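Enquirer: Here it is, the structure in full.
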Amino acid sequence: MTAKDTGSLRALRRTNSERLLSALMEHGALHRAELARICGVSRTTVSTIAADLIMGNVVIEVIGDQVARAGIDASEVDGRARGFLQANPSAGAAAGLDFTLERVWCHVTDLAGATLASDGTQAPSDTPWQERLTAGLTLLDRLLDEAGLGRGSLVGVAIGVPGPIDLQTGVVGPSLPGQAWAGVNVAAEFGRHLDVPVLVENNTRLEAVAEFTWGAGRDIADVLYLGLSTGIGSGLLVDGNLHHGGARGGGGEIGHLSADSSGDPCPCGNRGCLVQYASLQAVLAKLEPVLGADAGLDELLASAAAEEPQTLRVLREAGEQTGRVLANICNLLNPARIIVGGELARAGDLILEPIRATLRRTAMSLTRDADVVAAELDLGARAGASGAAALVLRQTDQLVTALLTSSDSKPSEAV
Ligand SMILES: [Zn+2]
């Protein structure tokens, strides 16, 4: 056999390894015969490649109760139990870091998405970005250490920051006053310290990814997430694919869709933006005569629970304005489900019912029955970090490359 033949055989083996591992990451545990069918290769090829991947510790054989835990019908197992393969959840770890205005959160998972460690630390809004970066890396190292891992176990890291990120330059836009990351290429700066792919994404979109992966949006292909918080952000899943914000990444700014074209001017240049009616700040400002100037979410929720009439009216109006804007979005994109998150979602049906009623009244017939539900994950401020880890796990191609490369470098795999 010539050197050229050996090279092309090795390339073929690598391609087949990528196919098999991608299929296992996408589908979970699979029987060898199913794997051969999905990948379009012979059973013999599956066996040869699987033996390599098992030796490299990136694939494991699953048997008996492990097969049941992987969600496979026990009746399928008899006599074929040893034929099942699964990507090894412990072959690597995914990490998410999320910088909110006052804190940094970190979430570390195995490759099946199980939480290995999760925590947050203070990073006050006047902390410069260089110190925030150091605080994030220190937190990441502490959590990896708690999980008995090191940075070498990571297959990828995703970073969440407030504000839009210019997809062409990677630089964070200056949409918020006091935004420490404005003008910074976050992925490049973290990339200097981490020897793995680094992704950066807006943190409301990461909350959305957490819901799409593990919460109210799992197993649904067309979902819209709306975060009613200090600002109003969104995340969109179209045909099962995350929308990253369009040509330059600036899309998804639902808070600046106009709910009333003759409304008050908004700093963005538009009038009557949704954020002027349905953000937490807007609702608290309207209720200042009732709740006082220093009131926050707790006072608002207590007043709503006590059925204070002004509070109920302001929440209903916020829901109706949100419903008007969502009707336009439903007519354009027809999501099956709309997930409402952020602090105001904690008002429950007091805000969700007016959204549903307005949608039913104003959206077109095929789009108006979108299911409107509250966010399901009770993660609070750490939802963004959890979504960041989920974003890493969604990059199947990158994960497969990282796993096969680390597997190739192990002594047992030396050719
Ligand atoms: Zn605006």
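Enquirer: Given A318, A302, A383, which one is modelled with pLDDT of 95 or more and crowded, with 22+ Cβ neighbours inside 10 Å?
Expert: Numbers: A302 fails: crowded, with 22+ Cβ neighbours inside 10 Å; A383 fails: modelled with pLDDT of 95 or more.
Just a single option satisfies the conditions, and that option is A318.
Enquirer: To continue, here is another question. Any idea which of L391, L366, L332, L403 is under 25 Å from the mean Cα position of the chain (by Cα), surrounded by fewer than 23 Cβ atoms within 10 Å (Cβ to Cβ) and among the aliphatic types (A, V, I, L, M)?
Expert: Working: L391 fails: surrounded by fewer than 23 Cβ atoms within 10 Å (Cβ to Cβ); L366 fails: under 25 Å from the mean Cα position of the chain (by Cα); L403 fails: surrounded by fewer than 23 Cβ atoms within 10 Å (Cβ to Cβ).
From the options L391, L366, L332, L403, the qualifying one is L332.
Enquirer: Determine whether G178 is touching a residue at least 40 places away in the same chain (Cβ under 8 Å) and of a type in the set (G, A, S).
Expert: yes
Enquirer: Only residues that are closer than 18 Å to Q398 by Cα and outside any strand (DSSP E or B): list them for the range 92-120, please. Talk me through it step by step, then tell me what you get.
Expert: Here is the first cut: in the range 92-120, the residues closer than 18 Å to Q398 by Cα are 92-96, 108-113.
Residues satisfying the conditions are G92, L111, A112, G113.
Residue-by-condition table, conditions (1) surrounded by fewer than 16 Cβ atoms within 10 Å (Cβ to Cβ); (2) under 21 Å from R346 (Cα atoms); (3) not hydrophobic (A, V, I, L, M, F, W, C):
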position: S234; (1), (2), (3): no, yes, yes
position: R248; (1), (2), (3): yes, no, yes
position: D294; (1), (2), (3): yes, yes, yes
position: E307; (1), (2), (3): yes, yes, yes
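Enquirer: Quickly run through the range 258-292 and pick out the residues that are buried (at least 20 other Cβ atoms within 10 Å of the Cβ) and at pLDDT below 95.
Expert: A259
Enquirer: Counting only residues that are in a loop (DSSP other than H, G, I, E, B) and free of Cβ contacts under 8 Å to residues at least 12 places away in the same chain, which one in the range 254-266 is farthest from the ligand (Cβ to nearest atom)? Write out each step before concluding.
Expert: Of the residues in the range 254-266, the ones in a loop (DSSP other than H, G, I, E, B) are 257, 259-264, 266.
Filter once more, so that each one left must be free of Cβ contacts under 8 Å to residues at least 12 places away in the same chain: 261-262, 266.
Details: S261: 12, S262: 14, C266: 3 Å.
Step by step, filter the range 254-266, then rank; the result is S262.
Residue by residue, here is whether (1) away from the ligand (no atom under 16 Å from the Cβ); (2) in contact with a His (Cβ under 6 Å, 6 or more places away or on another chain); (3) closer than 23 Å to G323 by Cα; (4) assigned to a helix (DSSP H, G or I) holds:
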site	(1), (2), (3), (4)
C268	no, yes, yes, no
V283	yes, no, yes, yes
A293	yes, no, no, no
L301	yes, no, yes, yes
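Enquirer: So P267 passes all but one of these: (1) more than 21 Å from V340 (Cα to Cα); (2) touching a Ser or Thr at 6+ places or on another chain (Cβ under 8 Å). Which condition number does it fail?
Expert: (2)
Enquirer: Here's something else I'd like to know. Can you find a residue that is under 19 Å from E343 (Cβ atoms) and more than 12 Å from the ligand (Cβ to nearest atom) anywhere in the range 234-241?
Expert: Among the residues of the range 234-241, at least one is under 19 Å from E343 (Cβ atoms) and more than 12 Å from the ligand (Cβ to nearest atom), which makes the answer yes.
Yes/no matrix, rows are residues, columns are (1) over 15 Å from V161 (Cβ atoms); (2) within 16 Å of the ligand (Cβ to nearest atom); (3) crowded, with 20+ Cβ neighbours inside 10 Å; (4) not assigned by TED's automatic domain parsing to the domain that holds L297:
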{"residue": "G183", "(1), (2), (3), (4)": "no, no, no, yes"}
{"residue": "N202", "(1), (2), (3), (4)": "no, no, yes, yes"}
{"residue": "L224", "(1), (2), (3), (4)": "yes, no, yes, no"}
{"residue": "H243", "(1), (2), (3), (4)": "yes, no, no, no"}
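The values are calculated or read from the model by the stated rules, or taken from the named source; none is laboratory data. Note that the coordinates shown come from a computational prediction; the quantities given were computed from them, not determined experimentally. Virtual Cβ from ideal backbone geometry, glycine too; neighbours counted across all protein chains shown.
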